[in-house]
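The values are calculated or read from the model by the stated rules, or taken from the named source; none is laboratory data. This one's a predicted model, so the numbers in the text were calculated from it and none came from an experiment. We place every Cβ from the backbone using ideal geometry, glycine too, and count neighbours over all the protein chains shown.
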Amino acid sequence: MTLPRNPIVLIPARLESTRLPGKPLADIHGVPMIVHVLNRARQADIGPVLIAAANAEIVDVVQDAGGDAVLTDPDHPTGSDRIFEALTLFDPDGKHDAVVNVQGDLPTLDPKIVRVAFALLADSDVDIATLGAEITDEAECTDPNVPRAIASINDIDSVGRALYFTRGAAPWGDGPHYHHIGLYAYRRAALERFVALPRGVLEQREQLEQLRALEAGMRIEIARVDTVPLGVDTPAELARAREILAP
């Protein structure tokens, strides 16, 4: 089992957010949120970090902070499409053989879980790797805003194969339910194949793009981690991030 040798971390970011417009540039103790995410991703220490930006303002902020960013088509339908364009612009020769996709609204991200996702690619049969955390709040089991991963995770090494993702309450019966964490590690060829696929029937029904990969027969492996990182989508979540990151 051998890991890809030359991974890159890609972070999609755009200013157009329905619930928190301009959130990549939201101030958190004098530092824009996207720069907090950039710094957390750097701490994972698995490869270079690149911001895939939909807006020139994001590129300017990242470059002013000493980071790398490329400007992408603002009309991409998903973050996966955005990071693939950024990858091809930044690395047209295909030197980077794996991509870790970190969402741009995770300023309190634990860098260790980035490494956990990437480590799953040591199995050459795995196309895509992702993460889940056991749900402890029963209300989350029926909350459609909390995507669930249905996976055969064993108790020994906390890793298993993802069988489905849903906004519904599943699976039935006694046992844990898993909150899906939208952080992905792709083999480069898998990402290229994924973005070329048509939207899947179940993807459109559940509004979960990872189902496109499962419908196409791609293998997604999932690792269980202890906590769900705080995603900042609302003013209240931004206030919470400021509390957590208070100096």
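Of the residues making up region 144-173, those that are surrounded by fewer than 17 Cβ atoms within 10 Å (Cβ to Cβ), of a type in the set (S, T, N, Q) and on the phi < 0 side of the Ramachandran plot are Asn145, Ser152, Asn154. Scanning region 125-143 for residues that are surrounded by 10 or more Cβ atoms within 10 Å (Cβ to Cβ) and over 21 Å from Gly175 (Cβ atoms) returns Val126, Asp127, Ile128, Ala129. Suppose the filter is in contact (Cβ under 8 Å) with a residue 24 or more places away in the chain and outside any strand (DSSP E or B); does Gly104 pass it? The answer is yes for Gly104. Residues considered: Leu211, Leu191. Of these, the only one that is under 25 Å from Gly94 (Cα atoms) and touching a residue at least 40 places away in the same chain (Cβ under 8 Å) is Leu191. Mind listing just one residue for me: the one in region 22-34 that is farther than 12 Å from Asp105 by Cα and free of Cβ contacts under 8 Å to residues at least 60 places away in the same chain and, of those, surrounded by the most Cβ atoms within 10 Å (Cβ to Cβ)? By that ranking, first place goes to Val31.
Every condition in (1) among the acidic types (Asp, Glu); (2) part of a helix (DSSP H, G or I); (3) without any contact (Cβ under 8 Å) to a residue 40 or more places away in the chain is met by Asp81 except one, and the failing one is (3). Taking (1) of a type outside the set (S, T, N, Q); (2) crowded, with 23+ Cβ neighbours inside 10 Å; (3) over 16 Å from the mean Cα position of the chain (by Cα); (4) assigned to a strand (DSSP E or B) in turn, Ala52 satisfies each apart from (3).
Filtered by the rule that a residue be under 10 Å from Val146 (Cα atoms) and not aromatic (Phe, Trp, Tyr), region 170-179 gives a lone residue, His179. Residues that are over 19 Å from the mean Cα position of the chain (by Cα), assigned to a loop (DSSP other than H, G, I, E, B) and over 28 Å from Thr136 (Cα atoms) within region 198-247 comprise Pro198, Gly200, Ala216, Gly217, Pro247, listed in sequence order. Are any of the residues in region 52-67 touching a strand residue (DSSP E or B) at 6+ places or on another chain (Cβ under 8 Å) and of a type in the set (D, E, K, R)? No; the residues of region 52-67 include none that is touching a strand residue (DSSP E or B) at 6+ places or on another chain (Cβ under 8 Å) and of a type in the set (D, E, K, R).
Right, Leu121: closer than 26 Å to Ala213 by Cα and in contact with a Pro (Cβ under 6 Å, 6 or more places away or on another chain) or not? Outline the logic, then answer.
On the way: closer than 26 Å to Ala213 by Cα: yes; in contact with a Pro (Cβ under 6 Å, 6 or more places away or on another chain): yes.
Taking the combined requirement at face value, the residue satisfies it.
Looking only at region 143-168, residues that are within 23 Å of Ser124 (Cβ to Cβ) and among the β-branched types (Val, Ile, Thr) come to 3 in all.
Among the candidates Asp155, Asp233, the residue that is touching a Leu at 6+ places or on another chain (Cβ under 7 Å), charged (D, E, K, R) and at pLDDT below 95 is uniquely Asp233.
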